[in-house]
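So the structure is just underneath, and the comments pick up after that.
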């Protein structure tokens, strides 16, 4: 299986950022790490291993990127307003740097599906919902989609426009709503075991249902904790059976 690590200076984040690419062919799978983890996390925890047969068969190419959560929502020494600004810079990095890199590596504008677990699920879902005209779907595992869970009460426009449970209900942009409805795959999944919060997934699902946006809510059992064994089962299942 092809594995290449790339690194460049990000003008949006003002730092070097790494990305690892797995595979040769297929749609792009953009992978967001959990918590404050890095671009190799999915490899270290053997999730890439569970996807290897699909990657090698050319079903998709995986692009795993770095997080900057320890420079934003997980940095307890920053003012929340600065955390929100840093988060917006990360959004620009995704759109202006990572997406063009994926297109270049794939030699064309391939569909891109976002995915992630835990805090990575939030980023994956938020990235898709903000720009369904660019991304073709999301597989969000064990996430919370209320950014206020990380702001300790702080709230401004940058928080609002990155909190799906806040900005989706009143959103009436017909073009963007239709983009979400137009042959897009939206999968929201959670276990019910230790440290899981399936109600967060149910809340997001209820909002999508009210908007008439097709999606799949899949709540797994009480034997599925908020941990890697769960995600090593979930992600191969969805990528193998839904795409």
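Might you check whether a residue that is under 24 Å from residue 145 (Cβ atoms) and either touching a strand residue (DSSP E or B) at 6+ places or on another chain (Cβ under 6 Å) or part of a loop (DSSP other than H, G, I, E, B) (or both) occurs anywhere in the stretch 42-53?
yes
Determine whether residue 122 is touching a helix residue (DSSP H, G or I) at 6+ places or on another chain (Cβ under 9 Å), in a helix (DSSP H, G or I) and surrounded by 14 or more Cβ atoms within 10 Å (Cβ to Cβ).
yes
Of all helices (runs of 4 or more DSSP H) completely enclosed by the stretch 140-243, which ones contain at least 1 residues that are more than 16 Å from the chain's Cα centre (by Cα), free of Cβ contacts under 8 Å to residues at least 24 places away in the same chain and over 25 Å from residue 73 (Cβ atoms)?
Fully inside the stretch 140-243 and qualifying: 174-181, 198-210, 228-242.
Based on what the data block shows, is residue 77 more than 25 Å from residue 3 (Cα to Cα) and either in contact with a strand residue (DSSP E or B) (Cβ under 9 Å, 6 or more places away or on another chain) or part of a loop (DSSP other than H, G, I, E, B) (or both)?
Judged against the criteria, residue 77 is a match.
Any residue at all in the stretch 236-243 that's out of contact with any strand residue (DSSP E or B) (no Cβ under 6 Å at 6 or more places or on another chain), closer than 24 Å to residue 165 by Cα and surrounded by 16 or more Cβ atoms within 10 Å (Cβ to Cβ)?
No, the conditions are met nowhere in the stretch 236-243.
Which numbered condition trips up residue 169, out of (1) at negative phi; (2) surrounded by fewer than 16 Cβ atoms within 10 Å (Cβ to Cβ); (3) out of contact with any helix residue (DSSP H, G or I) (no Cβ under 6 Å at 6 or more places or on another chain)?
Against the list (1) at negative phi; (2) surrounded by fewer than 16 Cβ atoms within 10 Å (Cβ to Cβ); (3) out of contact with any helix residue (DSSP H, G or I) (no Cβ under 6 Å at 6 or more places or on another chain), residue 169 comes up short only on (3).
Is one or more of the residues making up the stretch 99-110 surrounded by fewer than 22 Cβ atoms within 10 Å (Cβ to Cβ), in a loop (DSSP other than H, G, I, E, B), touching a strand residue (DSSP E or B) at 6+ places or on another chain (Cβ under 7 Å) and at pLDDT 95 or above?
Checking the stretch 99-110: at least one residue is surrounded by fewer than 22 Cβ atoms within 10 Å (Cβ to Cβ), in a loop (DSSP other than H, G, I, E, B), touching a strand residue (DSSP E or B) at 6+ places or on another chain (Cβ under 7 Å) and at pLDDT 95 or above.
The values are calculated or read from the model by the stated rules, or taken from the named source; none is laboratory data. Note that the coordinates shown come from a computational prediction; the quantities given were computed from them, not determined experimentally. Here Cβ is always computed from backbone atoms with ideal geometry, including for glycine, and neighbour counts include all displayed protein chains.
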